[in-house]
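> My questions all concern the structure below.
The values are calculated or read from the model by the stated rules, or taken from the named source; none is laboratory data. In this text the structure is predicted, and so the values were computed from the model without any measurement. Heads up, the Cβs are rebuilt from the backbone with ideal geometry, glycines too, and the neighbour counts pull from every protein chain shown. In case anyone asks, the SASA skips ligands and DNA or RNA and just uses the protein heavy atoms, side chains included. Shrake-Rupley method; radii C 1.70, N 1.55, O 1.52, S 1.80 Å.
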Amino acid sequence: MSHLPAAAGVGFKPEHFTAIRSDGGKIGFFEVHAENYMGAGGLPHAQLSALRADHAISIHGVGLSIGGAEGLDANHLARLRSLCDRYEPESFSEHLAWSSHGADYLNALLPLPYTEETLATVVAHVDEVQNALARRILLENPSTYLLFAQSTIPEVEFLGEVARRTGCGLLLDVNNVQVSAVNHRTDPQRYIAAFPLHLVGEIHLGGHAEEALPSGPLLIDAHGTPVADPVWDLYSQVIRQAGPLPTLVEWDNDVPDWPTLAAEAARAEAILRQEADRLVAA
Amino acid sequence: MSPHSDILSVFRNALNGGGLPPDLVLGAADEAARRLAVYQNNVAHSLIEALAARFPVIRRLVGSDFFAALARCYIEADGPRSPVLAEWGESFAEFLSTFPPLASYPYMADVARIEFARGRAFHAADALPIDPAWFSAQDPWSARLDLHPSVHVLRLEHPAVSIWERNQPGGEQVTLPAGGEIALILRDRSFDVPVRAISPGDAALIEALREGDSLGSAAGRARSAEPDHDPRDILIHLMRQGALITPEQT
């Protein structure tokens, strides 16, 4: 199985399809949300098949509820397997979060406490996903707004331990690092310093919104604006430490025109090239 | 129940407005409520928008604010069970027909039926349309042909096709016909999903083809439904849209 290129990609939006067909050659890869491609046919598959023919593809699940307390949805897992079989993506990733509890699907990435018990559950779930898909997956660090009093394991350690026990890789969302660190009044540099960068198979960048709380700012992982400057700085630092990595720009709400999104990807690409050049010169 | 499951149940209850127990999360209670609200907004907003994506004309008809309140009631009654939100909403038309604030708008349910069928047509399986040469290669009236999986016929009590049409971008304020309409919904060759009002004979012909009748038999059933029905116009329309396929495909 091939890997995503260490280049800049973007989250695919159907409204950009025509522009991409004439201008997408500079994009390293495209990422789609798995749940949007689970219909039987029609436009979504026609577009994704056309993209697949020319580009590396990442399939990103948003609904598996790996951090949930209950068993995974076997039907949904089977549909993910079909999708991966159909497109043979270079990467499949999911989130350290839950979105289903009881019968209801809540369509949001909700937080879980980090304990020995939840660690064992997440490990079992990641094992189950990797077995069902017959591939190594990447697990993404979440953006959070609350911390559970019951948590006993730091998030970075939790992710590292899931990866150690399951063999999965990690997806480092640098915007999520910034959002969570600001929200919990911690240092994003320390999070990055502790993160097992050698396990990172992909990086996510995206925009956030900001609200004010009495104790300070509250950042919201909104994906509706350009990537913020502190996130670019953090990203540059990660790439200097880890070397060039596949990097995705996510922009899911108030989706801009193609040139605006492509320019964000070009900014990430420039940082990747600079590091690649530095490595060659060294 | 494990502690993990208990904590998620408490959190789920808090998302529904049940309040955060003081020992669940770190930080001051008033701030914790503001932080919880981010998750509450994410859940509500994403589900309301997902429903609106399936039922844009209903939102246009009732207005955004009313739609948000309506969606919250529907989520409570029959929220999504699967992460594939494009498949959610099958019961929405029925829900609208029994939603007391919309009792004076009985056509809403029919509009929702059209919109739900459009979503299914958009995502329906692919199938290769028959070649026009198929008609000259055999006696078409005794042969069987099938319908593209995206084809839906809806018999509606209200003139919901006309209501749907006039609520499209650039839709004209046509006078609504009296009585019900029959909707033909399909995905055309460029992946659009137009909605068209058809006659009782057209509908009978399409339904007969779906049941496996030969074209001749289907045309006969169309004449039973509509005595002077001529099958040619609807067949030409279906063929141009790519909605006629050979039976082996289904």
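> For the pair A:D187 and A:S236, how long in nm is the line joining their label points, each one 7 Å along Cα→Cβ?
2.0 nm
> Then there is this: Can you order the peptides A:184-196, A:202-214, B:163-175 by their average number of other Cβ atoms within 10 Å per residue, highest first?
Details: A:184-196: 15.4, A:202-214: 19.0, B:163-175: 12.4.
Highest-to-lowest ranking by the protection proxy: A:202-214, A:184-196, B:163-175.
> Name the long-range amide H neighbours of A:E31: under 5 Å, sequence gap of 5 or more, or other chain; modelled H, no Pro or chain starts.
A:V10, A:G11, A:F12, A:S58
> Kindly state, to the nearest 0.05, the FRET efficiency for B:S91 paired with A:Q274, given R0 = 56 Å and r defined as their beta-carbon distance. Don't jump to the answer; show the numbers that get you there.
Numbers: r = 54 Å, r/R0 = 0.97.
Using R0 = 56 Å, I get an efficiency of 0.55.
> Same structure again: Run the helix sum for chain B: -39,500 (n - 2.57) per DSSP H stretch of 4+ residues, divided by residue count, reported at 222 nm to the nearest 500 deg cm²/dmol.
Details: 11 runs with 124 residues, N = 250.
Value at 222 nm, helices only, nearest 500: -15000 deg cm²/dmol.
> Turning to a different aspect of this structure: For the interface of B with A, what's the total buried accessible surface in square angstrom, probe 1.4 angstrom, rounded to the nearest hundred? Mind showing how you got there, number by number?
On the way: alone 14080 and 12550 Å², together 22620 Å².
The summed interface area works out to 4000 Å².
> Where does each of A:168-174, A:109-115 land if you order them by average Cβ count within 10 Å, highest first? It would help to have the intermediate numbers written out before the result.
Working: A:168-174: 25.3, A:109-115: 23.0.
Result, highest mean Cβ count within 10 Å first: A:168-174, A:109-115.
> Obtain the nm distance between the two label points defined at A:V255 and A:A124 by a simple spin-label model: each point lies 7 Å from its Cα along the Cα-to-C-beta direction.
About 3.8 nm separates the two model spin labels.
> What percentage of the solvent-accessible surface of the protein assembly as shown, computed with a 1.4 Å probe over protein heavy atoms, is contributed by carbon and sulfur atoms? Could the numbers behind the result be given before it?
Details: 11840 of 22620 Å².
In the protein assembly as shown, the share of accessible area belonging to carbon and sulfur is 52 percent.
> Now, a different point. Rounded, prolate or oblate for region A:156-275? Axes are the square roots of the Cα gyration tensor eigenvalues, ordered a ≥ b ≥ c, and the cut-off for rounded is a/c under 1.5. Could the numbers behind the result be given before it?
Details: a/c = 1.74, a/b = 1.11, b/c = 1.57.
Taking the square roots of the gyration eigenvalues as a ≥ b ≥ c, region A:156-275 is oblate.
> Here's another thing I want to ask about it. Taking the Cα centre of region A:232-282 as origin, work out the dipole magnitude from +1 charges on Lys and Arg Cβ and -1 charges on Asp and Glu Cβ, in debye rounded to 20. Before the final figure, lay out each step's value.
On the way: 4 positive and 9 negative charges, 78 e Å.
The calculation lands at about 380 debye.
> Do you know which residues of region A:141-160 lose at least 40 square angstrom of accessible area in the protein assembly compared with their chain on its own, with a 1.4 angstrom probe?
Residues passing the criterion (a loss of at least 40 Å², heavy atoms only) are A:Y145, A:L146, A:L147, A:F148, A:A149, A:Q150.
> Put +1 on the Cβ of each Lys and Arg and -1 on the Cβ of each Asp and Glu in the protein assembly as shown; which of A:V123, A:H101, B:I236 then has its Cα farthest toward the positive end of the dipole?
Towards the positive end, the residue furthest out is B:I236.
> Taking the simple approach of a point 7 Å from Cα along Cα-to-Cβ for both A:T18 and B:V10, what is their distance in nm?
5.4 nm
> Return the single residue from B:R221, B:R35, B:R232 with maximal mean-square fluctuation; model: Gaussian network over chain B, springs between Cα atoms under 10 Å.
In this elastic network of chain B, the residue with the biggest mean-square fluctuation among B:R221, B:R35, B:R232 is B:R35.
> Next question, about the same structure. Hey, got the dipole for the protein assembly as shown? About the Cα centre, +1 on K and R Cβ, -1 on D and E Cβ, debye to the nearest 20? Walk me through the numbers on the way to the answer.
On the way: 39 positive and 68 negative charges, 92 e Å.
Roughly 440 debye for the protein assembly as shown.
> Right, another one. What does the charge add up to near B:F116, with Lys and Arg as +1, Asp and Glu as -1, over the other residues with Cβ less than 9 Å from its Cβ? Present the calculation step by step, with values, prior to reporting the outcome.
Numbers: positive: B:R54, B:R113, B:R118, B:R120; negative: B:E90, B:E115.
Combined, the nearby Lys, Arg, Asp and Glu give +2.
> Once R0 is set to 35 Å, what does the formula 1/(1 + (r/R0)^6) return for the Cβ-Cβ distance between B:F135 and A:A40, expressed as a FRET efficiency to the nearest 0.05?
Working: r = 28 Å, r/R0 = 0.79.
For R0 = 35 Å, the calculated efficiency reads 0.80.
> Over region A:63-171, average the accessible area per residue using a 1.4 Å probe and give it in Å², no decimals.
Numbers: 3530 Å² over 109 residues.
Per-residue value: 32 Å².
> Let me ask you something else. In whole Hz, what ³J(HN,Hα) sequence does region A:81-95 give by Karplus (6.51, -1.76, 1.60; θ = phi - 60°), x for Gly and Pro?
Per residue, the Karplus-derived 3J(HN,Hα) values read 4, 4, 5, 5, 5, 5, 10, 6, x, 5, 8, 10, 9, 9, 10 Hz.
> Per-residue mean of other chain beta-carbon atoms within 10 angstrom of the beta-carbon, peptide B:42-53? Numbers along the way, then the final one.
Values: counts 9, 6, 3, 3, 6, 5, 0, 2, 1, 0, 0, 0.
Taking all residues of B:42-53 together, the mean is 3.
> Could you report region B:174-228's accessible area per residue, 1.4 Å probe, as an integer in Å²?
Working: 2480 Å² over 55 residues.
It amounts to 45 Å² per residue over region B:174-228.
> Now for a different question. Averaged over its residues, how many other protein chain Cβ atoms are within 10 Å of peptide B:82-95's Cβ atoms?
Values: counts 9, 18, 11, 6, 6, 3, 2, 0, 0, 0, 0, 0, 0, 0.
Mean shielding by partner chains, rounded to a whole number: 4.
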